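The values are calculated or read from the model by the stated rules, or taken from the named source; none is laboratory data. What you see is a predicted model, and the numbers here were worked out from it, not measured in a lab. Backbone-built Cβ (ideal geometry, glycine too); neighbour counts: all protein chains shown. Just so you know, the surface numbers come from the protein's heavy atoms only, side chains and all, with ligands and any DNA or RNA stripped out. Shrake-Rupley method; radii C 1.70, N 1.55, O 1.52, S 1.80 Å.
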Amino acid sequence: MREILNVCALLLIGLLQAESARAATDFITLASTTSTQASGFFDYFLPLVKAWLGVEVRVVAVGTGQALKLGERGDADVLLVHDRIGELAFMQAGFGVDRREVMYNDFVLVGPRTDPAGVRGGRDAAVAFSAIGAHKTCFASRADDSGTHRAELRLWHDAGVDVHAASGTWYRETGAGMGATLNVAAGLDCYLLADRATWLSFHNRQHLILLVEGDSRLFNQYSLIRVNPARHPYVKQALALKFVDFMTSPIGQRLIGDFRITEVRVFVPNYVRGGPST
Amino acid sequence: MTIDPKGQPALPLVFQAVSLQIGSTKRLNDLDFKLVAGPLTVLLGPNGAGKTLLLKLCHGILAPSNGRIFWQSPGTLAPNRQAMVFQRPVMLRRSVVANIAYPLILRGMSRAHRATRVAAVLTQTGLGALARRAARTLSAGEQQRLAIARAWSIEPEILFLDEPTANLDPTATHAIEDLISEIARGGTKVLLATNDLGQAKRLAGEILFLHRGRLLEQTSAQAFFDGPADPAARAFLRGELPW
Amino acid sequence: MLADWAVNEFSEAIDTAWALIRSGDPVLVEIVARSLQVSLSAVFCAGLVGLPLGACLALQPFPGRQILLVVLNAAMGLPPVVVGLLLYLLLSRAGPFGFLGLLFSPTAMVLAQTLIVLPIVAALSRQILANLWEEYRESLQSLGASGWQALGTLLWEGRFRLLTVLMAGFGRAMAEVGAVLIVGGNIAHVTRVMTTTIALETSKGNLALALALGLILIVLALVVNGAVFLMQESGKQSVDDN
């Protein structure tokens, strides 16, 4: 008994020491989307940041809606999100500073190989969505207020389909991240809207294939936003700036473009100095 | 006899008009007696007479509802001058040695002192061979012996024993009785509760006869067995009272 | 066909698990070590508070004791995510303890697991100590034990059963995912533990890797509980017969 207590005490002390040692190193907290994490982008990019800047970036991967919430409460230093409308509202409310559009990829409509709604090969996402709505065939929605979810809802709106009424029938709301929702779609042979990065890196596809891509409405812009230090004194302003400067620098942009999943480029860097921001 | 630091014996123990009520029933009624140093006293009486309650009052873990219980030497710290062995003693989950040492540790006795005392108790109680055994793996007789050894380790002036052989076979009973006699001969006052007439005859120097919560006799063992004054005691001797 | 798929998935998972373990995969080792560290720390803290609390509840009548007991028993079934959410609101920079900067740190995870395990430790140890107290009270009083001495004796006499309680707490802490995900954030190399990794790998569709980690978790649970069982058995033989 006494020995066990000793071991536990040692562990606790060790943990606290490890913690304080870590706290001593420079790090920032980045609230980001599940898509950027699940695709493996951060596993590739963050070690480069560490090597280049000596800054450790700790990623908390949640939906865009929750990432914005974390920023609002001051629980993150930088956000990497993809919902233009939500981002602008966030800036408007004064929660963020220095919004920079940094890279994009696109959404793809994925569904079962059998394609019961017959949408395969289409170029118009809204048409495909209305076909799915008309067939009342299973569609898996993240329903987690993420950037992807918000984009999906806009497409339903364009297609003139009322998914709220269909919730629980053919419209399945998972309330989960991209990967978890892909697992549901794979299990139930549902259609779903996915970001290309997660789709490319997803291993449990089963019968799912890519059906619709290339519509301009499927464009998926990612932005960096620094949390407003005027509102949250704990924000690590200097380090955060260092990080966003690096990601938008020519080197950072090239590194983003170099990330590949099975030979396919996942994110396209598109930062324009003095370009669209607030 | 153990003498308290002030050089005064704790005994006699005096009961003055002591009653004990549990719930709405009076379990002990108007007890008046004096327990003095000397030969072993047997508290005799049939089942349900209140023997255990009386011992617990003496021991101090029960308080009387009425009346007064006091030791002659004022300021005596009861726990240090007397000890009790319950009918079903609880063995601590540790070795025999550790069980004997336990009350000594509670009293803050130094390690060296303790070792000497424990060794002496082990020899005197014949538990030497079992010293390292786990207490709970002992037989009933051995456990009873250990319980007595543990109570005796603090060198009490008076030892209260509650039916120490109630659940033992004749051989074990005999061994325990021998141990008790030896302790009594060594100068420790023993008050032993039993309903076993044979045991009372074998051990008693004095008899307290308790019946239905009343103390009916306090007399020498010889006088009691020759012919008690009280009719209930006579009935008990004839085996006409339930044991 | 589904059966075939499942069998393949399982054999693949076991192969993956075995390969990961055999190669001593550094990421795996790190995650397992962090899980153990966080959960053991949590159990240590929960024991430090929960055992005395359980003892107090068992031995010491005080006003509000019954209410506290009911609350503790109810809290045993408290969903960890709720604990996680409450702790998040407290530790968030916008919350009352935001100044500590503990959110998304292993310390926050230890706190969360401590809160989850504490009711279990307190309630179960209370039960054990109350039973022991019933058995021992008279004897300990008779032998001259003061309140604190009696408490120490009871804790020692109940050590094997209390250890089982701590292990039950450890099992719950190790298996918990909801709360540590919320307050830890599943940050790679900082707050990523076995369960959050399993959730992440599952969401990536890496079912084999997720299952491999799951298998390791199961084996760990077996090893820990097996060790406790053996300890208890040997303990019984040496000092106990029941």
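Summing Lys, Arg as +1 and Asp, Glu as -1, what charge do residues with Cβ under 12 Å from the Cβ of A:Pro116 carry, A:Pro116 excluded? Residues close to A:Pro116 contribute a combined charge of +1. Using Cα centres only, tell me the gap between segment A:222-276 and segment A:27-46 in whole Å. So the separation of the two Cα centres works out to 11 Å.
In this structure, B:Gln16 and C:Ala75 have a Cβ-Cβ separation that, at R0 = 60 Å, corresponds to a calculated FRET efficiency of about 0.70. Inter-chain Cβ neighbour count for C:132-141, averaged per residue, equals 4 (cutoff 10 Å, partner chain atoms only).
Look at the stretch A:53-62: the mean tally of other chain Cβ atoms within 10 Å of its residues' Cβ atoms is 4.
Of all DSSP bridge pairs formed entirely within the protein assembly as shown, close to 55 percent run antiparallel.
Of the three principal axes defined by the Cα atoms of chain A, the extents in descending order read 62, 60, 38 Å.
For peptide B:83-95, the mean count of partner chain Cβ atoms within 10 Å of a residue's Cβ comes to 5. The candidates A:Met91, A:Met247, arranged from most to least accessible area with a 1.4 Å probe in the full protein assembly, appear as A:Met91, A:Met247. Other residues with beta-carbon under 9 Å from the beta-carbon of A:Arg196 carry, at +1 per Lys or Arg and -1 per Asp or Glu, a net charge of -3. Helix A:64-73 axis versus longest C-alpha principal axis of chain A: approximately 30°, rounded to the nearest ten.
Calculate the length of the line joining the C-alpha centroid of segment B:84-158 to that of segment B:187-234, in whole Å. Segment B:84-158 and segment B:187-234 have Cα centres separated by 29 Å. Computed on the protein assembly as shown, the Cα convex hull volume stands at 234 Å³ per residue.
Computed over the Cα atoms of segment A:134-278, the ratio of the radius of gyration to the Kirkwood radius (Rg/Rh) comes to 1.03.
Exceeding 19 Å between C-alpha atoms, which entries from my cross-link table qualify? They are B:Lys34/B:Lys56; B:Lys26/B:Lys56; A:Lys236/C:Lys204; B:Lys51/B:Lys189; B:Lys26/B:Lys51; B:Lys56/B:Lys189. Pairs exceeding the cut-off: A:Lys236/C:Lys204. What chain A shows is 42 Å² of accessible area per residue, with the surface traced by a 1.4 Å probe over protein heavy atoms.
Protection proxy ranking of C:69-79, C:49-59, by the mean of other Cβ atoms within 10 Å over each peptide's residues and highest first, is C:49-59, C:69-79. Other residues lying with their Cβ under 10 Å from the Cβ of A:Tyr44 contribute a combined charge of -1, Lys and Arg counting +1, Asp and Glu -1. Using Cβ point charges alone (K and R +1, D and E -1), the dipole size of the protein assembly as shown about the Cα centre works out to roughly 1680 debye. Span-like helix criteria (full DSSP H runs; alpha carbon extent of at least 20 Å along the helix axis; mean Kyte-Doolittle hydropathy of at least 0.5) are satisfied in chain B by no helix. Between A and C, buried accessible area from a 1.4 angstrom probe totals roughly 3100 Å², ignoring ligands, DNA and RNA.
Computed packing ranks the peptides C:175-188, A:98-111, B:28-41 as C:175-188, A:98-111, B:28-41, most packed first, by mean other Cβ atoms within 10 Å.
With a/c under 1.5 counting as rounded, go ahead and sort segment A:107-218 into rounded, prolate or oblate using the C-alpha gyration tensor (a ≥ b ≥ c being the square roots of the eigenvalues; past the cut-off, prolate if a/b is larger than b/c, else oblate). Judged from the Cα gyration tensor, segment A:107-218 comes out rounded (a/c under 1.5). Of the three principal axes defined by the Cα atoms of segment B:103-198, the extents in descending order read 42, 30, 20 Å. Helix A:237-247 axis versus longest C-alpha principal axis of chain A: approximately 50°, rounded to the nearest ten. When all protein chains stay in place and ligands, DNA and RNA are ignored, the 1.4 Å accessible-area order of A:Trp156, C:Trp133, C:Trp18, largest first, is C:Trp18, C:Trp133, A:Trp156.
When Rg and Dmax are taken over the Cα atoms of chain C, they come to 21.0, 72 Å.
For segment B:206-243, the set of GluC sites (Glu not before Pro) satisfying both a DSSP loop assignment and a count of at most 12 other C-beta atoms within 10 Å is given as B:Glu240.
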